[in-house]
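**Q** Sharing a structure with you now.
The values are calculated or read from the model by the stated rules, or taken from the named source; none is laboratory data. All of these numbers come straight from a predicted model, not from anything done at the bench. Remember, those area values only see protein heavy atoms, side chains included, never the ligands or the DNA or RNA. Shrake-Rupley method; radii C 1.70, N 1.55, O 1.52, S 1.80 Å.
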Amino acid sequence: MKIFFITILVTVAVDQASKYFIKMNMMLHQSVQIIENFFYITYIENSGIAFGMFGHNDDDFRRWMLVGIITAAMIVIAVYWRIYRNRSFVYNFSCGLILGGALGNYIDRLLRGSVTDFLEFGIYEYRFAIFNAADAAVSVGVVLFVIYVLFMSDKYEKQSKTESKADAAAESGIQSRTAEVSLGEKEGGGNVS
């Protein structure tokens, strides 16, 4: 389960560091070709949501509405992770990527009202929306989570139920032993063998 928290921290750190690097070294709308006709680093500020959807409008109401929606989504993800947590690396890693990516963009939106995007892919004039490391983390996290749900979750649900029963039995045994010790102390004046 540590992987969940480590993934969140690393995702937020990589996202924020890469955005800081872009902001410090490029001018807004500047583009640098990395792989000809395929990959560019293009610095933009996005006031919309992932991949520029619903952008190009600097409305304060919309900004705070998005902050509220993202806050609620992060809470739902964290609660879901907590309720269904298990030992699956894929489950913990995917949830960490999703929450870390959401948190990375949330920090930008909360502090600046927009999100720094800079990764641009495409073939010649056919371009995909410009995005950032946080968007990539959320996308990869969702794909991994779907893989987990489709192919792995049954195994870990059964394991989790078995562990819960074992934990309950162990807890019951501890409570029984504690009750025996308490009863023995009362009857024997504190001497329990």
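**Q** Using 0.36 nm per residue of separation minus the Cα-Cα distance, give me the extension gain between A78 and M27 in nm, one decimal.
**A** That works out to 14.8 nm of additional length.
**Q** Here is a follow-up. Keeping the other protein chains in place, figure out the carbon and sulfur percent of the accessible area of segment 20-144, with a 1.4 Å probe.
**A** Of the solvent-accessible surface of segment 20-144, carbon and sulfur hold 70 percent.
**Q** Let me ask you something else. Per residue of segment 23-39, what does 6.51 cos²θ - 1.76 cosθ + 1.60 with θ = phi - 60° give for ³J(HN,Hα)? Whole Hz please, x for Gly and Pro, Karplus curve as stated.
**A** 5, 7, 10, 9, 9, 3, 6, 6, 10, 10, 6, 9, 10, 3, 6, 9, 10
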